[in-house]
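The values are calculated or read from the model by the stated rules, or taken from the named source; none is laboratory data. Please read all numbers here as calculations on a predicted model, not as lab measurements. Here the Cβ is made from the backbone with ideal geometry for all residues, glycine too, and neighbour counts use every protein chain on show. For accessibility, only protein heavy atoms count, side chains too; no ligands or nucleic acids. Shrake-Rupley method; radii C 1.70, N 1.55, O 1.52, S 1.80 Å.
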Number of protein chains: 6
Amino acid sequence: MSVIQSTRTALVIAPHPDDEVLGCGGTISRLVASGATVDVAIVTRGMPPAYTQEHVDQVHGEAKAAHTRLGVRNTHFLDFPAAQLDQVPQAELNQAVRELMLDVQPDTIFVPFVGDIHVDHKLVFGAAMVASRPAGGFRPDRILAYETLSETNWSAPYLSEPFVPNVFVNIEDHIDSKIEAFEAFASQCRPFPNERSTQALRALASVRGACVHVPAAEAFVLVRDIAG
Amino acid sequence: MSVIQSTRTALVIAPHPDDEVLGCGGTISRLVASGATVDVAIVTRGMPPAYTQEHVDQVHGEAKAAHTRLGVRNTHFLDFPAAQLDQVPQAELNQAVRELMLDVQPDTIFVPFVGDIHVDHKLVFGAAMVASRPAGGFRPDRILAYETLSETNWSAPYLSEPFVPNVFVNIEDHIDSKIEAFEAFASQCRPFPNERSTQALRALASVRGACVHVPAAEAFVLVRDIAG
Amino acid sequence: MSVIQSTRTALVIAPHPDDEVLGCGGTISRLVASGATVDVAIVTRGMPPAYTQEHVDQVHGEAKAAHTRLGVRNTHFLDFPAAQLDQVPQAELNQAVRELMLDVQPDTIFVPFVGDIHVDHKLVFGAAMVASRPAGGFRPDRILAYETLSETNWSAPYLSEPFVPNVFVNIEDHIDSKIEAFEAFASQCRPFPNERSTQALRALASVRGACVHVPAAEAFVLVRDIAG
Amino acid sequence: MSVIQSTRTALVIAPHPDDEVLGCGGTISRLVASGATVDVAIVTRGMPPAYTQEHVDQVHGEAKAAHTRLGVRNTHFLDFPAAQLDQVPQAELNQAVRELMLDVQPDTIFVPFVGDIHVDHKLVFGAAMVASRPAGGFRPDRILAYETLSETNWSAPYLSEPFVPNVFVNIEDHIDSKIEAFEAFASQCRPFPNERSTQALRALASVRGACVHVPAAEAFVLVRDIAG
Amino acid sequence: MSVIQSTRTALVIAPHPDDEVLGCGGTISRLVASGATVDVAIVTRGMPPAYTQEHVDQVHGEAKAAHTRLGVRNTHFLDFPAAQLDQVPQAELNQAVRELMLDVQPDTIFVPFVGDIHVDHKLVFGAAMVASRPAGGFRPDRILAYETLSETNWSAPYLSEPFVPNVFVNIEDHIDSKIEAFEAFASQCRPFPNERSTQALRALASVRGACVHVPAAEAFVLVRDIAG
Amino acid sequence: MSVIQSTRTALVIAPHPDDEVLGCGGTISRLVASGATVDVAIVTRGMPPAYTQEHVDQVHGEAKAAHTRLGVRNTHFLDFPAAQLDQVPQAELNQAVRELMLDVQPDTIFVPFVGDIHVDHKLVFGAAMVASRPAGGFRPDRILAYETLSETNWSAPYLSEPFVPNVFVNIEDHIDSKIEAFEAFASQCRPFPNERSTQALRALASVRGACVHVPAAEAFVLVRDIAG
């Protein structure tokens, strides 16, 4: 039970609101239930003209509701422009993530997967790697990358980094919380067979679970674990 | 719809009985429905003392029932010793697969995945590769590798070939046939959350489907396709 | 013969004029001969001061002549700045490719290879991946990546994605059309042993062909094929 | 500190005597110091005529001394023929490892790396993978692969699985125990610059440590971790 | 010109007669012309009943003629059974290759590629790796893997090690010698478009050459180079 | 001894001052001792406000002192903005590196590793690849990528290109020069166990050396070697 056992303070870094729920909702809920503290950082927000202020406000509210459902302590909105992270100097993004990390001092961070099709995901992964190097007397002990239905599944097979999970977290008692948290994102849910649907999320939890003989699981790729 | 459209005669090569259903049951059913001919080859069979004759007979009967359900034309039992393929000279295995291929003359073959944990799967994959080279005036046009719950999911992440599918077949109208064919293997079914369960099979079909926005799919890795 | 058989409408996306001929000239010709419709999109054009207007006009004319030779229906010039795609917001490039795709509604798209040394090739590959996700009621059925002599052969071995083709198209009856189409690009042809030469193109077709026992072939990497 | 924190019972599987010390000596010592139980399995032993009985007895004694130094509870000698594992039916090797695992019931296992040049290492890795699947009501929670100086460093770059560690264990307080345990293998020590030397072992611990800013470390590749 | 410049004594290891010509014929000729000594080892020979003695004798004679044409000093026939290397204990094969290497003391060895479809090629590659470790006061300085038309081109794309060359040797002045040496293997030549044809060999030399702007080249993957 | 033997003029390309010493200091010293000419290019320099002019001047002086110690002929400062290379058009960076290469006409270039965590390293690698293509009558014969402690060791295991060296240069007689050159960078040295320390550098040289049985080595990945 290492991830659950070893985590006192976790930081989940999400490029866009709801990535954190799609990838880690059950694990967040389980960590909180086991006594850990979990913060979430939402790196971008929609900017006009691509997104209306109304839409942005709605998603903001949905995120707060979802995080409350999961027991998240603090949600940090970094407010970089959504779908435009390639237009932000990387040093600036790295710096923002580093400052947040020094602020939260997590022992465990959860990051989006570098192979995801969305360039925002790739860049947030990269920034989290840079920000996780020891400096200023701090580094996280471990880094796990999560999968995001609608992003991880569209990468190019054998031509981008494959998501092949090596860490499995039983979320049998937390799959319902995850689903409810996702449903809080009314603006983001789609009907099955769209992969952004509760049915697809449940099926994925069943598959990830059955692959290690538990009823529901979330799966991750370990990037690094330091037993200091 | 290339795989379905392009296939007139398919040969599904299974290391052990039921691999062909776990990996291709829905696609077999759809191919048959679309007018193609499908043969199955079962490469090994249980040998005493590891397996009783009674068990072997039972599985043999289950395979015939399952294949009837799916509309398979012929089932070829190659009768190599199960879980002992590493004790068989590879030239002998290659030869047997080659002879079968010359006999069936398939345009499309389905093979187990090389990254599967079971050495029998790896060796059958290799034999099928060797047997697919043009010789004697024949070669198949295309080769697809299928996934096998209970074998593909136990390979070592990033240390063995990852199964990252690039071919998806909608089996919306054939998932029930697949499940029934699997249920014909009463000796092989396990209760969920074991991955050899109907619930896990349905969940996997939902996930593979949702990833390309269809209700149920089987997923494959294309090894080679020759538009001769 | 799946690619040929399954394609009714193809879209070939080329970062710069002549990439489409180097990578797919023979396949375009064969598709047209078999009754399919083929459109080409040229993503960039030379901009002053790097390129003179005269040069740009010449290449434009060469492209039209080459495409006429191959039987291309429409050539779409997207007019992004050549060798400067890294200066274009990715969302903008993605959007342009998506709109084109909705316009042409291809079942098959041909894209440059992500491992090519030129950053324009990498970015066009990425944009095509994003634009190929189902949305607005449309997605292509299959995506193939082609190789481009002078770009694919200069990538860093084992340090960038390798081009290892898994789809081969016999262009025995179309290699001459391909060569003539390439010769239409007088400004781009170089004498052998430069790889942008007719002799190198013919040698490559012979090698790709001999590797599957046909006299001439073009080779591709399948990115995805959905039998919906 | 997850590996240290999460382990109550560890099993270190070594193809040949001293692999367990080269790869995990410091971690074994630290685990024991932190209250965990550690068993070691030596899979092979030298057989005449390749090895004399005298040599085999000597190495056997060295192993016992080394393990005593590290605090190993039990050493299990499986007695397969050294450098001849490719002559043993894999089912037999798998079965022996599985029985041992059911006997010891470890939550954490340490295995040799699949990319090591020695075929015995590859086969023991494979057997451990097979034996770690849930069955008979048991499976280990996590699997880590260790590196072995003189085996891992001779694999073929980019042509075999690379050892790229993602788990680091600080052995600052245990590097001396590791070195002493290795020195107990008098028959296996070589003078620097041979890599089977105490100087090379210390240098490797410094490098693995400095890479995560601790004075000495052992490094591993995580194969799987299940938070059940 | 490092490979040519740095080699005084080369050993080319071929699983079967003619592999050494297909992969290194031009380079052997160039090395000899530049004053180096080149030996060839043929690891296997055909055994009845798979091969007749007449056939074996013929190929033996063809090899001698081809090697004479290229200027090979000695040809070493190791006489392991062709297409049955998987039936030979690996320790035995390793030992034979090691003894040969101690005998010849090459600074450069050329080995078949590990990703080739033929298991004999994979095993000879592995044996050469083991035999190249420093011992008995000797090790080669560098190891290069060559490609073999009819073996390298049939491996499974993205599912076996890809041959992506990083060393190119200009054989402009030696391509004719290579072709003549191959023609000496009358029993092994096939008509184009079979890849075992002089036309395919010439086309491959043109492609490998044009990729680095020389008229003809052989291409290799560097396994290791030690500037001792 | 191919790299040493084959090099008459080398160009070491460093993203930031001291990368060239961390990665190639011993090899530079050995090349100079063997009669070769070595130039260094420092691609970036610190810019206010991130760096003070005083700091930049100090590092500039340190670089000159270090290069004098190693026997570097010329140091070329390209003066792109440090940690902001992602804000520079790639065509501009490519052009600057290409012009330098035409000026120096090196037969061998040393480049940072593409998998390094710092985006400046990735971009300089890419620019060097582009600039190494034959044009204007020139190309380098070989390209080697070096490792940089503090950059190479923080990349994401299995999710970015792994540094698996295939070229080893014995620097037994030059390790002291390397250390002294690094000590000239007083502003960049850190106390062990920081990896930017003389102790870590010595340990790495011992490990890279012991892995091929020499007392100290630098290790590289060969990108390309053309024996023209």
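Quick notes on this structure:
- Within 10 Å of each Cβ in C:187-198, the average number of Cβ atoms from other chains: 3
- Beta bridges per DSSP, both residues in the stretch C:3-225: antiparallel share near 35 percent.
- Heavy-atom accessible surface of chain C, averaged per residue, reaches 31 Å², computed with a 1.4 Å probe.
- Calculated over the stretch E:123-202: convex hull of Cα atoms, volume per residue (Å³): 158 Å³
- Carbon and sulfur %, accessible surface of chain C computed with the full protein complex present, 1.4 Å: 50 percent
- If you model chain F as an ellipsoid using its alpha carbon gyration tensor, with each semi-axis the square root of five times an eigenvalue, the axes come out at 23, 22, 18 Å, biggest first.
- Cα convex hull of the protein assembly as shown - mean projected area over all directions, nm²: 44.8 nm²
- Rg/Rh, computed from the Cα trace of the stretch B:1-102 with Rh as the Kirkwood radius, has the value 1.00.
- List of the stretch C:85-116 residues, accessible area with partners at least 20 Å² below that of the chain alone (1.4 Å probe): C:ASP86, C:GLN87, C:PRO89, C:GLN90, C:ALA91
- Take E:ASP103, move 7 Å from Cα toward the beta carbon, and the resulting point lies 4.5, 4.5, 5.6, 7.0, 7.3 nm from the same point in each other copy, nearest first.
- Ordering of F:121-133, B:106-118 by burial proxy (mean other Cβ atoms within 10 Å per residue, highest first): B:106-118, F:121-133
- Against the rule of thumb 2.2 N^0.38 Å, how large the Cα Rg of the stretch E:45-101 comes out: 1.29
- With coordinates expressed along the principal axes, the C-alpha atoms belonging to the stretch F:157-228 extend over 41, 34, 25 Å, beginning with the largest.
- Counting, for every residue in D:200-209, the Cβ atoms of other protein chains within 10 Å of its Cβ and taking the mean gives 6.
- Summed buried accessible area for B+A [probe radius 1.4 Å, Å², rounded to 100]: 2200 Å²
- At most 15 other Cβ within 10 Å, DSSP loop - trypsin sites (Lys or Arg not before Pro), the stretch F:1-101: F:ARG8, F:ARG73
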